[in-house]
Amino acid sequence: MSSILGSLKEKGKGYTLFFLSVALLIWLDQWTKGLAVEHLKGQQAIVLWKGVFELRYLENRGAAFGMLQDKQAFFFLVGILVFGMVLYALYRMPFSRRYLPLGVCMALLIAGAIGNMVDRIGQQFVVDFLYFSLIDFPIFNVADCYVTIAAFLLILLIMGYYKDEDLAVFTWKRRG
C-alpha cells in the first residue's frame, strides 16, 4: 500500500512540474508576441544580423508557410487533438529519468499548440515575428519553435534513444 501511495505522490510531483513548465513556456510565448505587437506592429523590420535575421511583424491567419488561411476551426480541432494525445501519453508515461527527454518534448509540444491556440481564439490570427532572411524562411514565433524543436527531438529519441520496449507503455492494447 505504501509503495502505491509513494508512486502516486511521485506522479503528482511530476504532473505539477510538467504543467508549471508548460505554463511558463506559454507565458514566454505570449510575452514575446506582446513585445512584437508593441514594438514591431506598423514598423519597419528590425535587422539584427544584416542579410540573416530580422524581427518583422506578421499576422498569420493560416498555418506554417501561410497555408490554410482562415481555417481557425480546423486549427482549434488540431490543437485539441494534440492536447488529448499529450495528456494520454503523459498519463501512460512512467515518471522516471529515462522518460524525462520525452516529457520535455511533450511540454514543448503542448505549450506550442496552446500558445498559438490562445492567439487564434483571442484575435483570429497568430502573431509571427522571427524571420531568417538568409534563406527567406517564413516568419514564425516562439510557439512554432517549441513545436519544431519537440518534433525534431522526438524523431531523434524514437530513432536512437528509446527501444521498442520503452515505448510499449503507450500502446492502446490492454496489458495481460
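The values are calculated or read from the model by the stated rules, or taken from the named source; none is laboratory data. What you see is a predicted model, and the numbers here were worked out from it, not measured in a lab. When we count neighbours, we look across all protein chains shown, and the Cβ atoms used for this are built from the backbone with ideal geometry, even at glycine. Surface accessibility is based on the protein's heavy atoms, side chains included, excluding ligands, DNA and RNA. Shrake-Rupley method; radii C 1.70, N 1.55, O 1.52, S 1.80 Å.
Computed quantities for the displayed model
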read-out: Largest to smallest accessible area among Thr16, Thr32 [probe 1.4 Å]; value: Thr16, Thr32
read-out: Over the chain: helical MRE at 222 nm, DSSP H runs n ≥ 4 each giving -39500 (n - 2.57), nearest 500; value: -21000 deg cm²/dmol
read-out: Trp172 paired with Leu20, simple spin-label distance in nm, labels 7 Å along Cα-to-beta-carbon; value: 3.6
read-out: Dimensions in Å of the chain - Rg and Dmax from alpha carbons; value: 18.8, 64
read-out: Estimated FRET transfer efficiency (Ile155, Trp27; beta-carbon r; R0 25 Å; 0.05); value: 0.40
read-out: Convex hull volume of the stretch 74-163 per residue (C-alpha atoms, cubic angstrom); value: 116
read-out: Whole-Hz couplings from phi, Karplus 6.51/-1.76/1.60, listed for the stretch 87-93; x for Gly and Pro; value: 4, 4, 4, 5, 5, 7, 6
read-out: Protein accessible area in the chain, 1.4 Å probe - carbon and sulfur %; value: 70
read-out: Average accessible surface area per residue within the stretch 26-176, 1.4 Å rolling probe, Å²; value: 62
read-out: Label-point gap, in nm, between Ile46 and Lys163 - each point 7 angstrom along Cα→Cβ; value: 5.0
